[in-house]
């Protein structure tokens with residue numbers, strides 16, 4: 001009778017343990033990277049809105065009354081005024097994180 005080449009149960013368990021270790025160590029790092037990317041995206045949105053505020057000021061010699069003025073002026077679009085699902089705040093003529 002010929003012996004068939006196959007993986008043993010112990011070999012399969014070792015492979016599963018190694019893969020599990022890699023997943024356990026990688027998933028928290030991915031979560032951290034996604035949070036960091038979201039934060040940087042929000043900072044970029046706020047910087048974009050602040051640039052639009054300065055553009056409005058240079059063109060009209062006054063600051064906009066609200067961020068909605070920037071939409072009317074076509075400096076930004078409505079969806080650019082949101083960070084992480086919340087609207088960017090406008091205080092003291094500056095855009096701020098929600």
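The values are calculated or read from the model by the stated rules, or taken from the named source; none is laboratory data. Quick caveat: nothing in here was measured; it's all calculated off a predicted structure. Virtual Cβ from ideal backbone geometry, glycine too; neighbours counted across all protein chains shown.
Some notes on this structure:
- Looking only at the stretch 79-95, and only at residues there that are within 16 Å of the chain's Cα centre (by Cα) and buried (at least 19 other Cβ atoms within 10 Å of the Cβ), the one that is modelled with the highest pLDDT: 88
- Each residue in the stretch 79-89 was checked for being closer than 14 Å to residue 43 by Cα and not in a loop (DSSP other than H, G, I, E, B), and 7 pass.
- Boolean, residue 55 is exposed (fewer than 10 other Cβ atoms within 10 Å of the Cβ) and either assigned to a loop (DSSP other than H, G, I, E, B) or more than 14 Å from the chain's Cα centre (by Cα) (or both): no
- Looking across the stretch 58-70, just one residue is surrounded by 15 or more Cβ atoms within 10 Å (Cβ to Cβ) and over 13 Å from residue 94 (Cα atoms), and that is 69.
- Filter pass, residue 76 being in a helix (DSSP H, G or I) and surrounded by 10 or more Cβ atoms within 10 Å (Cβ to Cβ): no
- Every listed requirement among (1) under 19 Å from the mean Cα position of the chain (by Cα); (2) assigned to a helix (DSSP H, G or I) is met by residue 98 save one, (2).
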